Amino acid sequence: MQYIKRNGRKVMDYKRIFIFILIFTGFLSASETAGDGNIIHHMTLFMFQLGIIIFLAKVSGMLFEKLKMPGTLGEITVGIIAGPYLLGSFPLTLIGFDQGLFPLGTGSIPISTELYGISVIASILLLFVSGLETDLKLLIRYLASGGAVGAGGVIFSFFPGVLIGMYFMDKPFISPECLFLGIMSTATSVGITAMILSKNKYMESPEGVTILSAAIIDDVIGIIILSVVMGIATVLVNGGVVDWGGIGYISAKALIIWLLLTVLGLVFADKISSFLKKFENKYIYSSVALGLALFMAGVFEKAGLAMIIGAYITGLSLSKTDISYEIQESLHPIKEFLVPVFFVVMGMLVNIKSITLGTLTFAVVYSIAALLAKVFGCGIPALLTGFNIRGAFRIGLGMMPRGEVGLIIAGIGLSNGFINQDIYGVAILMVLSGIIITPPLLNYSLKIPGSGNKRKQSEDELESYSIEIASYEQSEILIHTIFDYFDKEGYFVTRLFLDYDVYQIRKDNIFIKLLKGSKRDNINKITVITKKEDIEFVKELVFEASVKLEFNSREILRKLNLKDMKKASRHCPEKKIKISYDISKILDPKCIIMELKAVTKEEAFRELADILEANKRIIDKEAVLKDVIEREEVISTGMSHGIAIPHARSAGTSESAIAIGIKRSGIDFDSLDGHPAKIIILLVSSTNKADPHIKILATIAAYLHKKKAVSELLSLESEQEIADFFKIAEERKGLIKKREVYSFFVRRNKIG
């Protein structure tokens with residue numbers, strides 16, 4: 001849907017500009033690193049690489065989702081296959097790439113600097129958005145249960161990861177490899193979990209809120225530990241010796257820098273927000289905010305900490321401002337572009353050829369330990385903070401995925417030389433196992449009946465207000481009017497990208513969530529959730545928006561003569577007529593009735609809907625009938641010359657469908673010329689996708705706008721001939737003159 005624009009003004013689409021800048025940056029980077037070869041060749045290779053990665057990422061993601069598996073899994077898998085260790089280095093001499101499209105590099109990173117640079121930008125964006133999504137109030141409210149679960153998950157995961165590394169690699173506890181195995185196993189990425197919770201409508205449950213708050217705390221603790229591990233590992237890799245006093249100093253330094261900049265960011269968040277809002281256009285201030293995140297990433301890298309920490313703190317600082325959701329919405333297209341590329345590139349770093357039986361055993365043991373550590377490390381604290389075994393099991397499963405966070409940490413370790421290719425492969429298997437195992441187990445746990453709490457929930461401080469709407473289209477119109485009122489009150493309205501429509505409405509300290517029934521479920525209900533003290537304001541605003549909508553509707557109907565509009569819309573000039581849609585694509589001869597039994601138009605609707613259902617062209621006949629009848633009650637769909645085209649968009653179909661019925665004695669349709677309808681064409685299109693409903697309707701009217709065409713159609717004797725009537729007309733290439741539109745019947749055998 002289209003979102004409300006500030007003050008009703010149209011703004012430039014900066015989404016494409018963002019993408020262009022990223023690609024242009026790749027060109028510049030390519031030119032700098034191609035000193036020993038042809039610059040144009042180097043840039044051409046980079047464009048090939050980026051284009052192929054985007055294509056493979058999207059196709060593999062869609063394929064795996066069709067197979068009911070996370071798209072992330074497909075993106076990593078295709079990265080491994082297409083990477084330099086497998087197909088990527090296959091010579092393509094004929095097109096000038098002797099070392100393949102993804103030649104094997106000579107440094108610690110086996111891919112080109114440009115591709116790795118794109119993945120680094122993606123990781124910074126991911127952590128920046130993660131910081132923006134952090135709800136500080138939620139964090140404080142669930143500090144006890146979420147803190148215990150998050151801390152338990154980190155502690156229970158870190159030490160088994162280190163100990164397993166010590167056993168398989170025969171390395172000391174204080175070694176970069178073991179420390180990174182520990183920190184990689186602590187990471188939690190609830191992107192997959194949040195998707196599953198939203199699909200099961202479990203996001204607002206105690207378990208769902210605890211998982212989200214625990215993940216926040218897990219990230220905070222994990223980032224602090226990563227800072228310490230980075231400092232220790234840097235000293236060790238450079239040949240230094242770290243004593244316990246040195247470890248204390250490094251830890252204190254990392255913690256102080258992290259806390260100081262976090263506190264400064266939170267303190268000055270409102271001033272930063274005020275500065276950003278001076279740009280007025282949300283796409284501009286969102287790009288400036290992203291630039292600030294990139295700058296802070298560089299600052300933290302220079303301070304000896306990871307870039308992602310600077311990005312996370314920047315997002316965290318802006319999370320409590322009223323523009324945080326605006327920034328998330330504006331950056332969403334860039335995230336959709338970069339994140340799949342990131343997962344493919346991370347897969348390309350895996351040296352599948354180096355995996356031995358010993359490495360595979362190491363990876364399996366490490367993965368099992370990492371998964372169980374989250375289940376028990378998060379589940380046991382949950383048991384101690386008010387959840388029963390059922391709830392603790394759900395929370396433990398929800399904290400299992402590592403996803404992009406684990407991959408980012410592994411990539412940092414590999415690029416800095418803290419871990420080698422074998423350990424990176426072990427980490428990838430651990431991440432993949434979480435992605436594969438979590439969805440079915442978590443779905444199963446959520447379907448177990450019963451509450452996950454030991455005690456009855458206390459009354460929440462939030463209150464909801466719901467209204468029922470007659471149809472999906474009406475709810476859409478009311479939603480737009482409500483958003484317009486919020487916009488005039490100075491609120492920011494942002495959509496969350498979930499499986500159902502959720503909107504965040506925010507201004508200063510007022511936070512409102514609006515949920516709208518999905519097209520798929522045809523739930524015509526609008527629910528608003530906010531604090532108890534703000535609920536009366538919300539009710540008043542919704543009421544005033546409804547009154548305004550009612551007034552505007554009456555004014556429109558009062559000033560318009562629908563019958564005159566109908567006559568004008570059905571009038572075709574005596575010039576050329578554009579047939580703009582191939583009706584034969586959706587017209588099945590099996591959905592044509594040569595002699596309708598119906599004597600009323602309602603009976604005709606049902607008879608035509610029956611044949612559509614019998615041929616599996618619609619999925620819910622009653623929903624289709626309801627929507628068609630509602631449309632007919634507004635104004636008749638009867639035209640002139642014995643034609644009626646009843647139509648509607650409906651959730652009862654997944655695609656456009658047509659049924660045609662012939663009734664030579666005619667059915668009263670209150671037509672424009674007063675004559676009964678002898679040809680009834682039922683058209684239904686989906687509310688769940690962008691079908692060209694009006695274009696199809698206009699095309700049918702263009703075919704049959706003259707009495708002679710209707711007579712020709714009534715003279716046909718079989719379903720196939722009627723279907724051919726539209727098919728053959730389409731073969732006339734669309735533009736048909738007044739008399740030519742009919743004369744083709746005479747020449748039909750010649751051109752057929």
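Tell me which residues, restricted to the stretch 592-608, are within 20 Å of GLU622 (Cα to Cα) and charged (D, E, K, R).
Listed by number, the residues that qualify are LYS597, LYS601, GLU602, GLU603, ARG606, GLU607.
Given the criteria modelled with pLDDT of 75 or more, surrounded by 15 or more Cβ atoms within 10 Å (Cβ to Cβ) and either under 25 Å from the mean Cα position of the chain (by Cα) or under 30 Å from ALA187 (Cβ atoms) (or both), does LEU414 qualify?
yes
One line per residue, one yes/no per condition, for (1) closer than 28 Å to GLY413 by Cβ; (2) β-branched (Val, Ile, Thr); (3) at pLDDT below 70:
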position	(1), (2), (3)
VAL209	no, yes, no
ILE216	yes, yes, yes
ALA233	yes, no, no
TYR249	yes, no, yes
LEU259	yes, no, no
PHE275	no, no, no
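Among the candidates LEU704, LEU683, which residue alone is modelled with pLDDT of 85 or more, surrounded by 13 or more Cβ atoms within 10 Å (Cβ to Cβ) and either closer than 29 Å to LYS616 by Cα or of a type in the set (S, T, N, Q) (or both)?
LEU683
Evaluate the following for PRO84: is it modelled with pLDDT under 80 and surrounded by 14 or more Cβ atoms within 10 Å (Cβ to Cβ)?
Against the criterion (modelled with pLDDT under 80 and surrounded by 14 or more Cβ atoms within 10 Å (Cβ to Cβ)), PRO84 does not qualify.
Which count do you get for residues in the stretch 289-314 that are hydrophobic (A, V, I, L, M, F, W, C) and not in a helix (DSSP H, G or I)?
Count: 3.
Out of the residues in the stretch 279-302 that are out of contact with any helix residue (DSSP H, G or I) (no Cβ under 6 Å at 6 or more places or on another chain) and more than 22 Å from PRO333 (Cα to Cα), which is surrounded by the fewest Cβ atoms within 10 Å (Cβ to Cβ)?
Selected residue: LYS302.
Among the residues that make up the stretch 99-107, is at least one of them at pLDDT 80 or above, more than 26 Å from GLU336 (Cβ to Cβ) and assigned to a loop (DSSP other than H, G, I, E, B)?
Yes, because at least one residue in the stretch 99-107 is at pLDDT 80 or above, more than 26 Å from GLU336 (Cβ to Cβ) and assigned to a loop (DSSP other than H, G, I, E, B).
Go over the candidates SER317, SER273, SER286 one by one and state the one that is touching a Gly at 6+ places or on another chain (Cβ under 6 Å), in the same structural domain as ILE408 (by TED's automatic domain parsing), more than 30 Å from GLY79 (Cα to Cα) and part of a helix (DSSP H, G or I).
SER317
Quick check on the stretch 562-570. Is at least one of its residues at pLDDT 70 or above and out of contact with any helix residue (DSSP H, G or I) (no Cβ under 7 Å at 6 or more places or on another chain)?
no
Do the conditions hold for ASP668, that is, is it under 21 Å from ILE629 (Cβ atoms) and more than 47 Å from the chain's Cα centre (by Cα)?
yes
Which one of THR359, THR385 is under 21 Å from MET184 (Cα atoms), in contact (Cβ under 8 Å) with a residue 40 or more places away in the chain and among the polar types (S, T, N, Q)?
On inspection, the qualifying residue turns out to be THR359.
Under 6 Å between Cβ atoms, at least 6 apart or on separate chains: pull out the pairs that start in the stretch 48-67 with a residue that is assigned by TED's automatic domain parsing to the domain that holds PHE337 and loosely packed, with under 15 Cβ neighbours inside 10 Å and end on any residue that is in a helix (DSSP H, G or I) and not hydrophobic (A, V, I, L, M, F, W, C).
LEU63/GLY74; GLU65/GLY71
Looking at the stretch 152-185, which of the residues that are of a type in the set (Ser, Thr, Tyr) and at pLDDT 85 or above is farthest from VAL228 (Cα to Cα)?
TYR167
Among LEU92, LEU139, LEU143, which is touching a Ser or Thr at 6+ places or on another chain (Cβ under 6 Å), at pLDDT below 80 and not charged (D, E, K, R)?
Of LEU92, LEU139, LEU143, the one residue that is touching a Ser or Thr at 6+ places or on another chain (Cβ under 6 Å), at pLDDT below 80 and not charged (D, E, K, R) is LEU139.
Picking from VAL365, VAL350, which residue would you name as being in contact with a Phe, Trp or Tyr (Cβ under 9 Å, 6 or more places away or on another chain), part of a loop (DSSP other than H, G, I, E, B) and either surrounded by fewer than 24 Cβ atoms within 10 Å (Cβ to Cβ) or assigned by TED's automatic domain parsing to the domain that holds CYS178 (or both)?
VAL350 is the lone residue from the list that is in contact with a Phe, Trp or Tyr (Cβ under 9 Å, 6 or more places away or on another chain), part of a loop (DSSP other than H, G, I, E, B) and either surrounded by fewer than 24 Cβ atoms within 10 Å (Cβ to Cβ) or assigned by TED's automatic domain parsing to the domain that holds CYS178 (or both).
Please work out which one of (1) part of a helix (DSSP H, G or I); (2) modelled with pLDDT under 70 is the condition ARG554 fails and give its number.
Evaluating ARG554 over (1) part of a helix (DSSP H, G or I); (2) modelled with pLDDT under 70 leaves (2) as the failure.
Can we say PHE337 is surrounded by fewer than 23 Cβ atoms within 10 Å (Cβ to Cβ) and either aliphatic (A, V, I, L, M) or in contact (Cβ under 8 Å) with a residue 12 or more places away in the chain (or both)?
So PHE337 passes the test.
Among the candidates ALA644, ALA659, ALA648, single out the residue that is within 16 Å of PRO692 (Cα to Cα), of a type in the set (Gly, Ala, Ser) and either more than 42 Å from the chain's Cα centre (by Cα) or crowded, with 17+ Cβ neighbours inside 10 Å (or both).
ALA648
The values are calculated or read from the model by the stated rules, or taken from the named source; none is laboratory data. Bear in mind that the values here come from a model prediction, so they are computed numbers and not experimental data. Ideal geometry is used to build each Cβ from the backbone, glycine not excepted, and the neighbour counts take in all protein chains shown.
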